[in-house]
Amino acid sequence: MADIVKKSFSSPDEVQNPGEKLKVEIVTVDGLKFQKVTAGPGWKWSSHLKTVAGTESCEKHHILYVISGKLAARMNDGKEEAFGPGEVGVVPPGHDGWNAGNEPVIWLEIPH
């Protein structure tokens, strides 16, 4: 029989700091990972993670929900979008992303 499972980002299962100005808190529930990502002002994928990833652009597929701040993404073809609090979005592989505001941007992501 399945159980109810409750976890909190106040005590994540894992915390990663993959680059400057970026923190990823991970909670795993019933095999499904949830990530709370915090990017400080001035954070940009191409400036802070490009060398870590070793690719010209971010090749991850993101499904996200923005909690606070403003997150922007630009596809390799030039299409650009910004996401604010309460907005959900999908950003496919082949993009750059950055904090488009003056405060930390915080979003939830379900990696797949």
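Which order do peptides 70-76, 95-101 fall in by mean Cβ count within 10 Å, highest first?
Answer by packing, highest mean first, reads 95-101, 70-76.
Using helices alone, I'd like the mean residue ellipticity at 222 nm for the chain: each DSSP H run of four-plus residues gives -39500 (n - 2.57), total over residue count, nearest 500.
-1000 deg cm²/dmol
Quick one: Karplus J couplings for segment 70-75, per residue in order, coefficients 6.51, -1.76, 1.60, θ = phi - 60°, nearest Hz, x for Gly and Pro?
For segment 70-75, the Karplus curve yields 9, 10, 10, 9, 10, 6 Hz.
Could you give each residue of segment 36-43 its phi-based ³J(HN,Hα) in whole Hz, using Karplus coefficients 6.51, -1.76, 1.60 with θ = phi - 60°, and x for Gly or Pro?
10, 10, 10, 10, x, x, x, 5
In debye, nearest 20, what is the charge dipole magnitude of segment 63-112 about its Cα centre with +1 on Lys and Arg Cβ and -1 on Asp and Glu Cβ, if you could check?
Value, rounded to 20: 20 debye.
Note the listed values (i) 49, 26, 24; (ii) 44, 27, 22; (iii) 37, 31, 26, then indicate which one is Cα extents along the principal axes in Å calculated from this particular structure.
Computed from the coordinates, Cα extents along the principal axes in Å corresponds to (i).
Want the number for Glu80 to Tyr65: 0.36 nm per residue separation, take away the alpha-carbon distance, what's left?
3.7 nm
What percent does the relative contact order of the chain come to when contacts are Cα pairs within less than 8 Å and at least six residues apart?
28
Could you estimate the translational diffusion coefficient of segment 17-75 from the Stokes-Einstein equation, with Rh from the Kirkwood formula over C-alpha pairs, at 25 °C and 0.890 mPa s, in whole µm²/s?
Result for D is 191 µm²/s.
Taking a probe of 1.4 Å, how large is the accessible area per residue of the chain, in Å²?
61
Nothing charged except the Cβ atoms of Lys and Arg (+1) and of Asp and Glu (-1): what's the magnitude of the dipole of the chain about its Cα centre? Round to the nearest 20 debye.
Charge dipole, the chain, about its Cα centre: 180 debye, nearest 20.
Report, by chain and number, residues whose modeled amide H sits under 5 Å from the one on Ser68, excluding near sequence neighbours (fewer than 5 apart, same chain).
Residues meeting the criterion, in which the H sits 1.01 Å from N, are Ile106.
Along segment 81-95, what does the Karplus equation 6.51 cos²θ - 1.76 cosθ + 1.60 (θ = phi - 60°) give for ³J(HN,Hα), rounded to whole Hz, x for Gly and Pro?
Computed from phi, the couplings for segment 81-95 are 8, 10, 10, x, x, x, 9, 10, x, 10, 10, x, x, x, 8 Hz.
If Rh is defined by the Kirkwood formula over all Cα pairs and Rg also comes from Cα, what ratio Rg/Rh do you get for segment 64-103?
Reported Rg/Rh (Cα atoms, Kirkwood Rh): 0.96.
The values are calculated or read from the model by the stated rules, or taken from the named source; none is laboratory data. This structure is a prediction, so every number in the text was calculated from the model and none was measured. Heads up, the Cβs are rebuilt from the backbone with ideal geometry, glycines too, and the neighbour counts pull from every protein chain shown. We work out accessible area using only protein heavy atoms, side chains counted, and drop any ligands, DNA or RNA first. Shrake-Rupley method; radii C 1.70, N 1.55, O 1.52, S 1.80 Å.
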